[in-house]
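Have a look at the structure below before the remarks.
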2 protein chains.
Amino acid sequence: MNVGEVAALAGVTVRTLHHYDRIGLLQPSGRTAAGYRQYAPADLERLHRVLLYRELGFPLEEVATLLSGDADPAEHLRRQHRLLRDRLERTTAMVAAVEKEMEARSMGISLTPEERFEVFGDWLPEEYAAEAEEKWGETEAWAQSQQRTRAMTKDDWLRVKAEGDDVEARFAGALRSGVAADSEQAMDLAEEHRQQISRNFYDCGYEMHAGLGRMYLEDERFTAYYERIAPGLAQFVSAAIQANAARHGA
Amino acid sequence: MNVGEVAALAGVTVRTLHHYDRIGLLQPSGRTAAGYRQYAPADLERLHRVLLYRELGFPLEEVATLLSGDADPAEHLRRQHRLLRDRLERTTAMVAAVEKEMEARSMGISLTPEERFEVFGDWLPEEYAAEAEEKWGETEAWAQSQQRTRAMTKDDWLRVKAEGDDVEARFAGALRSGVAADSEQAMDLAEEHRQQISRNFYDCGYEMHAGLGRMYLEDERFTAYYERIAPGLAQFVSAAIQANAARHGA
DNA sequence: CCTGGGGCCTGACGCAGCGTCGGGGTCAAG
DNA sequence: CTTGACCCCGACGCTGCGTCAGGCCCCAGG
């Protein structure tokens, strides 16, 4: 098949296919003598995946890496299925939010800004969610986390968030008061942190917790998160987690 | 509230707010003496709408016109609700498509490219759908059309599409054979076209049909659609529709 | 009082993902 | 052999921000 046909079939423009060719995302497996692009069935299959991932909001570069992985087709289908269901959920939540506001209006109540932005705020932007999905999607922990948070009501969620804030605040307090990161007090906080995660999200053993702690320093977004609470907090929390893991023999 | 707070609340960056200010999409209702942006509650409300429409895929410029309309808040909520439900449907369809493919795989069957791209192909790009929504969303005809197409199975849809293709092909044939646009034959085709619409989408009277015919010439996308089938077809169909409407006294 | 670090300001440039010409070959039907 | 549809490639344009850079503002702590 040549570009025009493929474009019509897939519902994209010829220019788009040219673009995908140029950036190497989808190169036709052949060319005619005259230089016409020739797309084979396998190319169509790839295009199909590209379009699905694109629709889900992945930047093209990531789509490329997603496809470059040696993953088999079934693997892609499973992933796409997960991502689509996440999106479904998210959209459902937005519908619910709008309905809530409609109801509030009809009853003459008006929501606070916080309530209104709820659905935007406490939601990881789709890209980040996708990245997390990509990184952890296959793990047991992720599945557990998805399942549990799905079941949470808003109140649950607020409670969980409050719990988290509390421990973070106490970590910050410890840091400020000059306690060492490998002190008993700090380690106890780390332990509490670990148990919180286990209770609210997924079974988090010492080793896993230690890995998480490392990530707090390696992923600058986590670092930034803690640094905003108090300077040096990322280091402190991470160190406390390592110490706690060590004392429990991990 | 100042930018940083608003940004944190709404889950966007400060830069985004600057941008919206610059392009006039969302200008803070005040500034401090030092030039700091000050956002009032009403600004937050507007931002909320902006973000929802943006999420739904509208370009910012259209978001601006959507918001510039004197429409009351309830009106926005209804519209957002409709758009979100459309998206929900679309996502559901995609989930179904992926599930279908998973099943096919597990049974060792493989789908044709057409089947695979179905969900992309016969779907008006979200932007266009949104535009149509914008233009016709309040009309009875649109509501009917939405309702009926929603209820259609895939086979229904293919049948409807085949019907349409058939009439179009016969229009093209008539044009090719030199029949006049106001001839009986052409008018009969137009009548068939009208009845098809009435049967499959919405009650389409002569006047409405005439309006539709005019749009075939005014909206270049419709023009392009017919011109692709046969050069001059847009004119021909439009004229035949006018003639048919006239003979029925519209 | 003054000083430092965070937040705010305004340009200005960069980048993804195409849309949209423009100039020029190619292919099949008549 | 022509004509109209289709293909090629290159280049510029546009949206919606991200990301510095240079400089002012604000207030808490010394």
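The values are calculated or read from the model by the stated rules, or taken from the named source; none is laboratory data. Computed from a predicted model, the values in this text were never measured in an experiment. Methodologically, a virtual Cβ is constructed for each residue, glycine included, from the backbone with ideal geometry; neighbour enumeration extends over all protein chains shown. All accessible areas refer to the heavy atoms of the entire protein, side chains included, with ligands and DNA or RNA removed. Shrake-Rupley method; radii C 1.70, N 1.55, O 1.52, S 1.80 Å.
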Can you list the copy-to-copy distances for A:T32, using a point 7 angstrom from Cα toward Cβ, in nanometres, shortest first? 6.7
Label point distance in nm, B:L217-B:M107, each placed 7 Å from Cα along Cα→Cβ: 5.1 nm
Once the label point is set 7 Å along the Cα-to-beta-carbon vector, what list of distances in nm do you get between A:T92 and its counterparts in the other copies? 1.1
Output wanted: per-residue J couplings in Hz (rounded whole) for region B:45-56, from phi through Karplus 6.51 cos²θ - 1.76 cosθ + 1.60, θ = phi - 60°, x for Gly and Pro. 4, 4, 4, 4, 5, 3, 5, 5, 5, 4, 4, 7
Calc'd 3J(HN,Hα), region A:197-211, phi into Karplus 6.51 cos²θ - 1.76 cosθ + 1.60 (θ = phi - 60°), Hz, glycine/Pro = x, comes to 4, 4, 5, 9, 10, 7, 4, 10, x, 5, 5, 4, 4, 4, x
Modelled label-to-label distance, B:A42 and A:R31, 7 Å Cα→beta-carbon offset: nm? 6.0 nm
Run through the other copies and list how far each one's label point is from that of A:G205, in nm with one decimal, shortest first; the point sits 7 Å from Cα along Cα-Cβ. 7.4
Compute the distribution of all C-alpha to C-alpha distances in region B:3-68, in bins of 5 Å from 0, and list the percent of pairs in each, rounded to whole numbers. 4, 17, 32, 28, 13, 4, 2, 0
List, in order, the whole-Hz ³J(HN,Hα) value for each residue of region A:230-238 obtained from phi through the Karplus relation with A = 6.51, B = -1.76, C = 1.60 and θ = phi - 60°; use x for Gly and Pro. 7, x, x, 5, 4, 4, 4, 4, 4
R0 = 60 Å: FRET efficiency of A:N2 with B:H18, Cβ-based, nearest 0.05? 0.85
Nearest-to-axis residue of chain A, judged by Cβ, for the A-to-B rotation, with distance in whole Å? A:T91, 3
Interface buried area A-B, accessible surface with 1.4 Å probe, both sides summed, nearest 100 Å², comes to 3600 Å²
Mean 1/r over distinct Cα pairs of region A:163-222, inverted to a Kirkwood Rh in Å, yields 12.1 Å
Translational D (Stokes-Einstein, µm²/s) of region A:2-116 at 4 °C and 1.567 mPa s when Rh comes from the Kirkwood sum over C-alpha pairs? 76 µm²/s
Long-range HN-HN contacts of A:L26 with modeled amide H, under 5 Å: A:D21
Using a 1.4 Å probe and counting only protein heavy atoms, arrange B:I197, A:I23 so the residue with the most accessible area comes first. A:I23, B:I197
